[in-house]
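Take a look at the structure set out below.
The values are calculated or read from the model by the stated rules, or taken from the named source; none is laboratory data. Just so we're clear, the structure is a prediction, and the values are computed from it rather than from any experiment. We place every Cβ from the backbone using ideal geometry, glycine too, and count neighbours over all the protein chains shown. Heavy atoms of the whole protein, side chains included, go into the accessibility calculation; ligands, DNA and RNA do not. Shrake-Rupley method; radii C 1.70, N 1.55, O 1.52, S 1.80 Å.
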Amino acid sequence: RIKSVNNLKTINQALQVYASDNDGKLPPADMLCDVVVRELGPRFLVSPQDPEALAKFERGEKVSSYALNADLAGKNLFEINDFNTVLVFECNLGWNGTGGLDDLRKNVPPDQWNISLIDGASYQTNPNDIQRRQIKWKPAER
């Protein structure tokens, strides 16, 4: 899980660089993996906790264990007012996948949630921790 959290942190940094190079805008919903591959290579898109993705990666297929928060796709990162908002999270929603909390709940056991926030904080979490920390999925904009 620690390696997966490190992957999330690295993906978050690549998105920060992308936003800086694109007038603050995050990639559109259909470009997360394309951006990450261009910046980091494909290995960072595969979680060690996702054996199905690892097998596909070894066969040379495009695969991602991570998704972009759909509510942030294409938004200006520098106009989001709450740094406690999820930017990327571990959930295999396919290449260039986007989604939200409902997808996480549906596809990942609650004791295996990994998220990365707009401010770069990346960690293991669970439903109670998300509520306690007041982590958001919908951005508060200025």
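If you take the residues in the stretch 106-121 that are closer than 24 Å to K62 by Cα and either without any contact (Cβ under 8 Å) to a residue 60 or more places away in the chain or touching a Ser or Thr at 6+ places or on another chain (Cβ under 7 Å) (or both), which one is most open to solvent (accessible area, probe 1.4 Å)? Show your work before the answer.
At the first step, the residues of the stretch 106-121 found to be closer than 24 Å to K62 by Cα are 106-109, 112-116.
Filter once more, so that each one left must be either without any contact (Cβ under 8 Å) to a residue 60 or more places away in the chain or touching a Ser or Thr at 6+ places or on another chain (Cβ under 7 Å) (or both): 106-109, 113-116.
On the way: K106: 165, N107: 81, V108: 22, P109: 60, W113: 5, N114: 0, I115: 0, S116: 0 Å².
Going through the qualifying residues, I end up with K106.
Here are some conditions: (1) touching a Ser or Thr at 6+ places or on another chain (Cβ under 8 Å); (2) buried (at least 18 other Cβ atoms within 10 Å of the Cβ); (3) closer than 27 Å to D23 by Cα. N92 meets all but one. Which one does it not meet?
Going through the list (1) touching a Ser or Thr at 6+ places or on another chain (Cβ under 8 Å); (2) buried (at least 18 other Cβ atoms within 10 Å of the Cβ); (3) closer than 27 Å to D23 by Cα, N92 breaks only (3).
Write out, first by first residue and then by second, each pair whose Cβ atoms fall under 8 Å of each other, whose residues are 6+ apart or on separate chains, and whose first residue, in the stretch 11-31, is within 13 Å of K75 (Cβ to Cβ) while the second is among the basic types (K, R) and open to solvent by 40 Å² or more (accessible area, probe 1.4 Å).
Correct list of pairs: A19/K25; K25/K75; L26/K75.
May I ask you to say which residue of D34, D30 is over 24 Å from Q124 (Cβ atoms), out of contact with any strand residue (DSSP E or B) (no Cβ under 9 Å at 6 or more places or on another chain) and open to solvent by 10 Å² or more (accessible area, probe 1.4 Å)?
Details: D30 fails: out of contact with any strand residue (DSSP E or B) (no Cβ under 9 Å at 6 or more places or on another chain).
The conditions single out D34.
Here are the criteria: (1) open to solvent by 70 Å² or more (accessible area, probe 1.4 Å); (2) among the hydrophobic types (A, V, I, L, M, F, W, C); (3) under 14 Å from the mean Cα position of the chain (by Cα). Tell me which single one V46 does not satisfy.
(1)
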